[in-house]
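The block underneath contains the structure these notes are about, expressed in structure tokens.
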Amino acid sequence: MIDETPRGPGRSRLRTRLRRALTVGAVGILVSAGLVSMSGTANAASTLGAAAAEKGRYFGAAVANNRLGESDYVNTLNREFNSITAENEMKWESLQRTRGNFTFTEADRIANHARSRGMSLRGHTLVWHSQLPGWVDNINNANELRTVMRTHIETVMGRYRGQVHSWDVVNEAFQDGSSGARRNSVFQRVLGNGYIEESFRMARAADPNAKLCYNDYNTDGRNAKSDAVYNLVRDLKQRGVPIDCVGFQSHFNPQSPVPNDYQANLQRFADLGVEVQITELDIEGSGTAQANDYRRVIQACLNVSRCTGITVWGVTDKYSWRSGGTPLLFDGNYNKKPAYDAVLATLGGSSNGGGTGGGTGGGDGGGTASCTVTYTETDRWGDRFNGRVVVTAGSRPISSWSVNVTVRSPQRISSTWNGSPTWDSSGNVMTMRPNGNGNLAAGASTSFGFTVMANGTWTAPTIGACTAS
């Protein structure tokens, strides 16, 4: 993205279909080994985040703190996305406008919203030439700037340690055009080429578990700028510098369309041994043409096994940084656009899926309200696994349900879908309730899902008894 404009998990996708089933009734837990058929009990995911999660990806949105008081904005965010990037609130100017004085109020609100909803959080951004307070730009001494940079990285990453899955450590370090030259930022002028390596090493020390990314724009196809970034990443990897991912902003319009070699370019970076993430996606246009472009981008990510997630740069067209081009998936009234349908379908979801099984049905069938749950591990990767819980009503209709999911420390649940989670004080016990209408007819089913970061522990979560009303 151009400089003057404010803006802005996973390993190999080799899928291991190791499945475990836990059937839980009101009287206790029955464990059965082997595979469990889910036929007839779970529908296709009906939201972007849920559909992406079933493909082993996250699907996120850039979020502005001052929009979190708008109900339509929040409802759309909560329903559709499972990852959040702070649009401006985690940039240097927002956090440390004056030297040594950090203000985290707005960034904390975004981080707390993500945590309360079971969403993952991307960090954007630590070292960037733009939206930088003037006192940093005026530093001319290398030791002083290095100290300031270290303090900023350690303070910000330390505050959100364990909450952010990926950080844009260095942002937009290269110039546009055919030169492939470094941008003449204060960091480049005072510290030279080595500042990028220094930033990544500082970041690894500040949070050993976060993915560390380089992020840039106009690098979506092969060109002089993307070649320069490629050479940088290759050099860092060869010398053991801790870089885990490369972010592609992917801002497209009719004058700068999706390049024909988009997927091939993602793949060549992935072949260096880093994840690739689509970090700021928006595509100006409308109707079928826009939908087709979004479809191409999403399919490219799905075709590259190390493409681990997609973030669109905003929730609704009316708040987009280029709203006149209507570049997002929801219009100004939060209606789903054809591009939304294209993205959901490409992810394998369905706008007709994820229902509650046909409403309340006829009669209560006798007995008291009850439900059972069945757990299945659906996918496993090198650092995490996905679980699905199917909730089935008993012999009479129910109007609501709740289920506890407990993971074993140091595991943590990084994202959820198709439900509304709350957490106990330890962060290890999640209580899931319906996200909206909880009605289920007698014998009908619905499902919710979640991603567990294993952190070396692969024990299946404990699924508590289902409580119905």
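Here are a few things to note about the model shown:
- The mean sequence separation of alpha-carbon pairs under 8 Å and at least six residues apart, normalised by the residue count of region 144-292, gives a relative contact order of 23 percent.
- Reducing region 304-319 and region 228-280 to their Cα centroids gives an inter-centroid distance of 15 Å.
- Per the chain, cysteines lacking a partner by the 4.7 Å Cβ criterion: none
- ALA142-LEU272 pseudo-label distance in nm [points 7 Å out on the Cα-to-Cβ vector]: 2.4
- One decimal place: the segment ASP383-ALA289 gains 30.1 nm when fully extended, by the rule 0.36 nm per residue minus the C-alpha distance.
- Hypothetical label at ASP227: residues of region 244-268 whose amide nitrogen lies under 20 Å (7 Å Cα-Cβ projection): 259-268
- Relative contact order of region 371-468: 41 percent, from C-alpha pairs under 8 Å at least 6 residues apart in sequence.
- Computed with a 1.4 Å probe over protein heavy atoms only, the accessible surface of region 371-468 comes to 32 Å² per residue.
- With the helix formula -39500 (n - 2.57) applied to DSSP H stretches of n ≥ 4, the chain reaches a computed 222 nm mean residue ellipticity of -8000 deg cm²/dmol.
- Of the accessible area of the chain, computed with a 1.4 Å probe over protein heavy atoms only, carbon and sulfur atoms account for 45 percent.
- Förster radius 30 Å - calculated FRET efficiency between ARG99 and ASN209, Cβ distance, rounded to 0.05: 0.55
- Label-to-label distance, nm, for residues given as VAL74 and SER116 (7 Å Cα→Cβ offset): 0.6
- Gain in span if fully extended, ASN184 to THR406, counting 0.36 nm per residue against the direct Cα distance: 74.9 nm
- Per residue convex hull volume, Cα atoms of region 290-354, in Å³: 94
- The relative contact order of region 48-347 comes to 17 percent, based on Cα pairs under 8 Å that sit 6 or more residues apart.
- Residues of region 379-410 with an amide N closer than 11 Å to a point placed 7 Å from the Cα of SER426 along the Cα-to-Cβ direction: 406-410.
- Gained length - TRP135 relative to THR462, 0.36 nm times residue gap less alpha-carbon distance: 112.6 nm
- Pair ASN437, SER323: separation of 7 Å Cα→Cβ label points (nm): 3.2
- Taken over the alpha carbons of region 371-468 as equal point scatterers, the Debye sum produces base-10 log I(q)/I(0) values at 0.14 Å⁻¹ of -0.49.
- Burial ranking of peptide ranges 395-405, 231-241 (average Cβ count within 10 Å, highest at the top): 395-405, 231-241
- Normalised per residue, the volume of the convex hull around the Cα set of region 177-276 (Å³): 107
The values are calculated or read from the model by the stated rules, or taken from the named source; none is laboratory data. Because the structure is a prediction, the values reported are computed rather than measured. Virtual Cβ from ideal backbone geometry, glycine too; neighbours counted across all protein chains shown. When the accessible area is computed, the model is the full protein with side chains, heavy atoms only, and any ligands, DNA or RNA have been set aside. Shrake-Rupley method; radii C 1.70, N 1.55, O 1.52, S 1.80 Å.
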